[in-house]
Amino acid sequence: MKLKYFSHSAFQITTGNGKKILIDPFLSGNPTAPVKPDEVDANYIILTHAHGDHLGDAFSIADRCGSMFICVNELAEYVKAKGYNAHNMHIGGGYDFDFGRVKFTIAHHGSMTPDNTYAGEPAGVIVSADGKNIYHTGDTGLFYDMKLIGEMMPIDYMLLPIGDNFTMGIDDAVKAAELTNPKTAIPMHYNTFPVIQADPNEFKKKAEAKGINCRVLEYGEEIML
């Protein structure tokens, strides 16, 4: 299985059976994105919430790839109303797909589409495939139940925002990783805009000082899991 980082909160998971899962594909309009939307493929698109920097280019990618959306119920209904296929889920629920299992968690944030449609609760998401659990926290503040999430399901890779202002900053993100206890923490959601400037290597230094393994991914970098 492979994990590729496109900057901001956009990732692509490629499973052993060849399925490609995109999470929050904000590419065009993203000054740090190393690829254009037409250079990315997806069998599935997971959305943590509906803000424009997460919904991003999901519709144009789905137009080309025939992707299935996976998101919380209200956002899934919005997606369906636009003419796309979606699998409705919600926080606390899990479902088995042909690539693995998806479970949504809470996230402390908001969710409204670029056309000002309420889109339900924001979420984090755990993708379980090929024997690995990848926890994409979405946009969120720090919350103590991250400890419970890590106790209930060992997390191999935790993708967590460090950009502050809209989400956790570096120190809160380090605490989040302490609570969840992943095998590897990967920072995201930073340096896309001036208001969320943060140094991922500062996060790495502080996380490792707490005994947390951390890996900073370059934009466009793909790793084997």
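Every read-out reported here was derived from the displayed coordinates using simple, explicitly stated rules and does not represent laboratory data. Remember, it's a predicted structure, so these values are computed and weren't measured experimentally. All Cβ positions, glycine included, derive from the backbone under ideal geometry; neighbour counts span all protein chains shown.
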Values of log10 I(q)/I(0), in the order q = 0.18, 0.21 Å⁻¹, for region 158-211 under a Debye, Cα-only, solvent-free model: -0.48, -0.64
LYS80 paired with GLU151, simple spin-label distance in nm, labels 7 Å along Cα-to-beta-carbon: 3.6
Choice from PRO37, PRO25, PRO182 showing the highest fluctuation, given a GNM over the chain with Cα pairs closer than 10 Å: PRO37
Spin-label proximity, ASP41 to region 59-86 - amide N less than 16 Å from point 7 Å beyond Cα toward beta carbon: 61-68
Largest-first principal axis extents, alpha carbons of region 34-92, Å: 32, 20, 18
FRET E, pair VAL216, PHE193, Förster distance 22 Å, beta-carbon r, rounded to 0.05: 0.70
Max mean-square fluctuation residue, GNM over the chain, Cα-Cα springs under 10 Å, options VAL125, VAL174, VAL40: VAL40
Crossing angle, helix 200-209 versus the chain [Cα axis fit, 0-90 degrees, rounded to tens]: 50
Whole-number Å³ per residue for the convex hull built on Cα positions in region 1-144: 102
Cβ-based charge dipole, region 2-213, positive-most Cα from TYR118, GLY150, HIS54: GLY150
Fraction of beta bridges assigned by DSSP in the chain that are antiparallel (%, nearest 5): 55
Distance between modelled label sites at MET224 and LYS205, nm, 7 Å Cα→Cβ extension: 3.2
